[in-house]
Amino acid sequence: MVPVLKSIISRLRFKHLQLIVAIEDYGSLHKAAISISISQPGATKLLNEVEKSIGFKLFERTAKGMVPNEVGSCVTRYARVIFNDLSHMREEIVGIAEGSGGHISVGCIMGAVPILTRAIYELRCDQPELTVEIFENNSANLLHKIDQGRIDFAVCRVSRGQNILPYDNIALSEEPLAIVANIAHPLLQNNSVSLEDLADHPWVLYTSNTPMRQSIEYEMQKLGLDIVKHPVESSSAFSTIMLLQYDVNLLAVLPLDVAEFFVSKNLISLLDIKITSLMSKIGIVKRKDSNLTSTAHLLISKLYDDVGLVYDQNEWHR
């Protein structure tokens, strides 16, 4: 039986976690003990304490040495996360103490990548010692990371179908969409192109039941066209661009800001067809009542500057 969380917290110490990570790294209790500067009998005692605290044996002795079992792999994985977070905590404390540097973790959806990366570049020009982690994912997964405390905030959206109560959200910008193609796509030779002309072409589309996918399907349904059959589904802008490079007949829908970046590199072309975006505004989302660091506020200010707005920290309290 797995002990209750309160019991695990009261028994486990950092030295316990340091030991099990070292055992996984070295495959030997003796070498693990040396690496964390304790005796082998001391290491044996610590390992017994960890296994008693968790309620399971964590390692198996094999011809190749000590190997974590399924529970052991789980525990060592989370131990590494804890040490990684401690490292980030120290970086942030150093940044606070020195008035520069520090660490920030930010999430963003595909359409927010251009604006976020520009803002990070500008912030790092002012604070070159700043360490930044970027997590690109869909909004639902980013909200989950906010719940877990893995990111300081996300540039994403909270949809009506999600529970908005645990989050604070301030609007940032709209997210217009664009239809794109390989620069050698046959349709680009025409003087004018309509959505009807695209119906029989193969597509790369965002995953089903998402606002970006629903936007193009809505436009087709308005014209009485069949919904795209057998598309390649991708939530990655990079994968989409690579697919367009390999197949000149493919079409895709991307956020306009993302599309314009790749157009500027002469990798794709925009088709002059308007799409009504069914997506709500992109916003800055954080855990309700959590306090953002001064560095986080500076980054958000850069994001607002990029869209021609002025950031007011008091917006979080309205």
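The values are calculated or read from the model by the stated rules, or taken from the named source; none is laboratory data. As the structure is a prediction and not an experimental result, all values here were calculated from the model. Positions of Cβ are generated from backbone atoms using ideal geometry, with glycine treated the same way; all protein chains shown enter the neighbour counts.
Taking into account only those residues within region 180-205 that are in a strand (DSSP E or B) and among the aliphatic types (A, V, I, L, M), which is nearest to Leu270 (Cα to Cα)?
For region 180-205, the residue satisfying everything is Val180.
Hey, among Ser208, Ser215, Ser235, which residue is part of a loop (DSSP other than H, G, I, E, B), of a type in the set (Gly, Ala, Ser) and surrounded by 14 or more Cβ atoms within 10 Å (Cβ to Cβ)?
Ser235
Picking from Gly101, Gly65, Gly95, which residue would you name as being modelled with pLDDT under 95, in contact with a Leu (Cβ under 6 Å, 6 or more places away or on another chain) and either surrounded by 12 or more Cβ atoms within 10 Å (Cβ to Cβ) or not assigned by TED's automatic domain parsing to the domain that holds Ala296 (or both)?
Answer to the check: Gly101.
Candidates in region 44-62 are the residues that are of a type in the set (Ser, Thr, Tyr) and over 15 Å from Leu17 (Cβ atoms); of these, the one that is surrounded by the most Cβ atoms within 10 Å (Cβ to Cβ) is Thr44.
Of all the residues in region 300-318, those that are closer than 19 Å to Glu174 by Cα and part of a helix (DSSP H, G or I) number 8.
Of the set (1) in contact with a His (Cβ under 9 Å, 6 or more places away or on another chain); (2) aliphatic (A, V, I, L, M); (3) free of Cβ contacts under 8 Å to residues at least 60 places away in the same chain, all apply to Ile34 but (1).
Inside region 272-303, can you point out the residues that are touching a residue at least 12 places away in the same chain (Cβ under 8 Å), more than 27 Å from Ile93 (Cβ to Cβ) and out of contact with any Asp or Glu (no Cβ under 7 Å at 6 or more places or on another chain)? Passing the criteria: Asp272, Ile273, Leu278, Ser280, Gly283.
Restricted to region 94-133, and to residues that are of a type in the set (Gly, Ala, Ser) and touching a Pro at 6+ places or on another chain (Cβ under 9 Å), which residue is nearest to Asn84 (Cα to Cα)?
Gly101
Report whether or not Val113 is surrounded by 18 or more Cβ atoms within 10 Å (Cβ to Cβ) and at pLDDT 90 or above. Yes.
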